[in-house]
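The values are calculated or read from the model by the stated rules, or taken from the named source; none is laboratory data. A quick note: this is a predicted structure, and the numbers were derived from the prediction, not measured. Don't worry about glycine lacking a Cβ; one is built from the backbone with ideal geometry, like all the others, and counts go over all protein chains shown. SASA here: full protein model, heavy atoms, side chains in, ligands and nucleic acids out. Shrake-Rupley method; radii C 1.70, N 1.55, O 1.52, S 1.80 Å.
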Amino acid sequence: MGKYVAQRLIAAAFAFIIIVALIFFVLFSMPGNIVSDPTIKETVRKAIEEKYHLNEPLPVQFAYFIRNYMNLDFGTSLFVRPGVAVFDVFKERIGVTIQLNLFSALFTLPVGMFFGITMALKKDSIYDIIASSLVVFFISVPGFVMAAALQYFLAYKLGWFPIVLAPEVKLNWTKFHSMILPIFALSFGSIASIARLLRAELAEALTSEYMLLAKAKGLTFRQRVVRHALRNACVPLASTFLYLFIGVLSSSLVIENIFGVPGLSKVLVSSINAKDHQLTLGITYFYVLIGLLMSIAADLSYGIVDPRIRMGGRKDE
Amino acid sequence: MRTISTEKILEVRDLTISFNTYAGKLQAVRGVSFDLHKGETLAIVGESGSGKSVTNKALMGILPRTARIEKGQAFYKGRDLLSMTEKEWEKVRGSEIAMIFQDPLSSLNPVTRVGKQIAEIFILKHKLPRKEAKRRAIELMDAVGIPDPEKRYNQYPFQFSGGMRQRIVIAIALASDPEILICDEPTTALDVTIQAQILKIIDRLQKEKQLSVIFITHDLGVVAHMADRVAVMYAGKIVEYGTAEDIFYNPQHPYTWGLLSSMPDMETEEGEELYVIQGSPPNMLYPPKGDAFAERNPYALNIDFKEEPPMFKVSDTHYAATWLLHPKAPKIERPAALQRRIEKSLKRAKGV
């Protein structure tokens with residue numbers, strides 16, 4: 001197990017370095033930069049170019065960049081929040097993003113499981129057929145379309161929810177109430193994915209031989225489902241959920257903008273538009289890192305949930 | 001052979017089961033009747049699709065949803081099992097009637113510790129405390145011949161070989177001290193050396209616990225070892241029914257002849273061709289008129305194609321459903337090769 005984790009971490013580190021380089025070069029190869037504004041005085045432009053090594057060839061800039069990151073210097077925002085360190089911008093904005101994503105995850109898992117389980121238990125009933133169609137619908141509709149639709153119907157037409165996120169800093173009812181729509185928009189797709197997966201897994205588990213044996217033991221239906229079928233059906237759930245969470249993080253980028261959430265993604269999008277490259281890189285790398293760690297966690301989760309993988313190879317016979 | 005008690009523990013009468021399929025109604029079991037005596041082993045023999053497994057699933061109340069019991073009764077301790085509700089079944093399953101399944105590789109829950117799968121019966125059904133349940137489970141594992149049961153208790157099924165897993169399945173079946181044990185081809189998935197061990201365990205436990213056993217198999221060799229009485233099934237019906245001696249030394253039904261002739265034994269000589277029953281079983285969506293075996297029966301009479309034969313009584317213990325036993329039927333001798341075999345094995349049985 002330890003060896004496996006080490007292997008995965010090394011592989012992830014390589015992937016991280018490649019992605020870091022790729023994003024850096026793509027970003028800095030884009031035409032124009034922060035000082036291409038013609039109204040800036042020639043002397044000022046020179047000074048800025050000098051300070052940020054903008055006149056050097058790209059590989060040299062990359063070397064400077066890496067050196068700074070090694071020293072935990074993540075640069076300074078020049079345009080979106082002039083003069084503020086990237087790390088401070090990040091610290092200030094991450095709170096609400098994490099809050100939103102965490103709520104969405106906490107909402108997704110139980111609701112998705114509920115639908116998956118009930119659909120499997122009532123397989124081929126009217127309920128299952130309707131729910132399955134909805135599942136396909138929610139999986140296919142992209143999050144931002146869902147967000148816009150929710151905003152239009154529930155917030156604008158019906159007025160049940162505020163259109164954008166409440167500006168309160170503390171988490172109180174007003175704030176939570178305004179967070180409901182973004183949470184919905186973030187969760188519906190993942191709920192549908194979990195429901196679909198669990199329905200398929202549980203339906204298969206219910207018809208398995210070990211369920212027949214459990215029945216022959218004299219266990220009640222509830223005991224059989226909870227103790228035997230669900231246990232098996234949930235084996236692939238852990239990893240799927242972690243992968244879904246990566247998806248939620250990325251769709252949160254768009255959805256934060258729709259609902260005016262002052263989170264990381266808002267800064268990210270404005271930094272890209274303003275060519276505030278240091279800020280863009282800092283936030284992007286954070287997302288890359290989270291994504292890589294999540295995928296390692298997803299792979300390890302198999303081993304935690306499934307004894308056959310946990311003890312793979314250790315056969316005593 | 002043991003002396004068979006005449007006390008009936010299970011009486012199955014006219015059991016008829018069909019499956020609703022897209023193609024129509026499949027008549028899997030067509031009026032099966034038999035008795036199970038206390039402490040005996042009844043073997044139900046037949047080829048795949050003859051309805052032997054379905055019959056016994058009905059006796060466990062574990063028929064699939066598509067199956068329907070059309071008619072019939074199964075009396076156990078004065079109760080008709082077939083009319084019981086699911087709630088009543090939960091008290092009978094495991095505790096009164098238990099079952100050993102065909103494939104031990106897939107019948108254990110792959111992600112639960114083996115010991116827990118036994119112990120949960122004591123915890124959930126008998127409301128024993130955890131410690132006591134564990135002790136009883138380890139005792140059972142020891143009884144079915146699992147070495148080092150304390151260590152094995154905490155292992156998962158994938159750490160067990162096929163034979164060891166089947167022992168666990170047997171331990172599970174015996175956990176609640178059932179009266180009747182149904183063995184649904186318990187050795188089919190195992191290799192031959194392990195088969196013998198498993199059969200020995202079943203045989204020993206049956207004697208220790210005075211179990212009444214229904215043994216489903218298509219392996220006549222196993223039947224010869226295990227059974228007190230034999231029921232031969234074909235196309236959803238019992239075609240011959242008698243003590244093991246009746247079936248092996250005095251078979252009456254042409255299908256039984258076919259089965260016995262197609263079984264190799266120690267005397268089978270090199271180059272000697274084994275008998276093959278020609279054709280294949282009828283499509284039970286449209287059971288044939290008359291005797292279902294008539295198409296494949298080289299001794300079929302005209303009437304076999306027109307009318308189903310009733311059960312003819314051969315002796316007090318022996319019945320067969322073939323028109324050949326009708327008083328007006330032409331006298332047909334058993335195939336010569338089979339007759340020779342029977343005489344040889346009779347001689348052997350007496351000589352030793």
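The set of residues from region B:1-53 being among the acidic types (Asp, Glu), within 25 Å of B:Thr188 (Cβ to Cβ) and open to solvent by 30 Å² or more (accessible area, probe 1.4 Å) comprises just one member, B:Glu47.
Condition check for B:Asn297 on (1) modelled with pLDDT under 80; (2) polar (S, T, N, Q); (3) in contact with a Pro (Cβ under 6 Å, 6 or more places away or on another chain): one failure, at (1).
Once region B:144-164 is narrowed to residues that are out of contact with any helix residue (DSSP H, G or I) (no Cβ under 7 Å at 6 or more places or on another chain) and closer than 24 Å to B:Thr188 by Cα, the residue that is farthest from the other protein chains (Cβ to nearest Cβ) is B:Pro147. Among the conditions (1) in a loop (DSSP other than H, G, I, E, B); (2) farther than 13 Å from B:Leu82 by Cα; (3) not basic (Lys, Arg), B:Ile44 misses just one, which is (1).
Of everything in region B:165-194 that is at pLDDT 90 or above and open to solvent by 30 Å² or more (accessible area, probe 1.4 Å), the residue that is farthest from the other protein chains (Cβ to nearest Cβ) is B:Glu179. Restricting the search to helices (runs of 4 or more DSSP H) fully inside region A:163-254 and requiring at least 2 residues that are among the basic types (Lys, Arg) and touching a helix residue (DSSP H, G or I) at 6+ places or on another chain (Cβ under 9 Å) gives A:173-206. Filtered by the rule that a residue be over 21 Å from B:Tyr286 (Cα atoms), touching a Phe, Trp or Tyr at 6+ places or on another chain (Cβ under 7 Å) and among the hydroxyl-bearing types (Ser, Thr, Tyr), region B:28-80 gives a lone residue, B:Thr41.
Filtered by the rule that a residue be touching a residue at least 40 places away in the same chain (Cβ under 8 Å) and open to solvent by 20 Å² or more (accessible area, probe 1.4 Å), region A:202-224 gives a lone residue, A:Leu206. A Cβ distance below 6 Å, combined with a sequence gap of six or more or placement on separate chains, defines the contacts here; from region A:225-254, residues that are β-branched (Val, Ile, Thr) reach residues that are not in a helix (DSSP H, G or I) in the pairs A:Val235/A:Asp306.
Restricting region B:92-125 to residues that are part of a loop (DSSP other than H, G, I, E, B) and more than 7 Å from chain A (Cβ to nearest Cβ), the residue that is nearest to the chain's Cα centre (by Cα) is B:Gln102.
Any residue at all in region B:268-275 that is buried (at least 19 other Cβ atoms within 10 Å of the Cβ) and either at pLDDT 80 or above or outside any helix (DSSP H, G or I) (or both)? No, region B:268-275 has no match at all. Of the candidates B:Ala143, B:Ala133, B:Ala119, the single residue that is in contact (Cβ under 8 Å) with a residue 60 or more places away in the chain, aliphatic (A, V, I, L, M), open to solvent by less than 80 Å² (accessible area, probe 1.4 Å) and closer than 28 Å to B:Lys207 by Cβ is B:Ala143.
Residue-by-condition table, conditions (1) open to solvent by 50 Å² or more (accessible area, probe 1.4 Å); (2) touching a residue at least 40 places away in the same chain (Cβ under 8 Å):
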| site | (1), (2) |
| --- | --- |
| A:Glu49 | no, no |
| A:Pro82 | yes, no |
| A:Gly116 | no, yes |
| A:Phe138 | yes, yes |
| A:Ala149 | no, no |
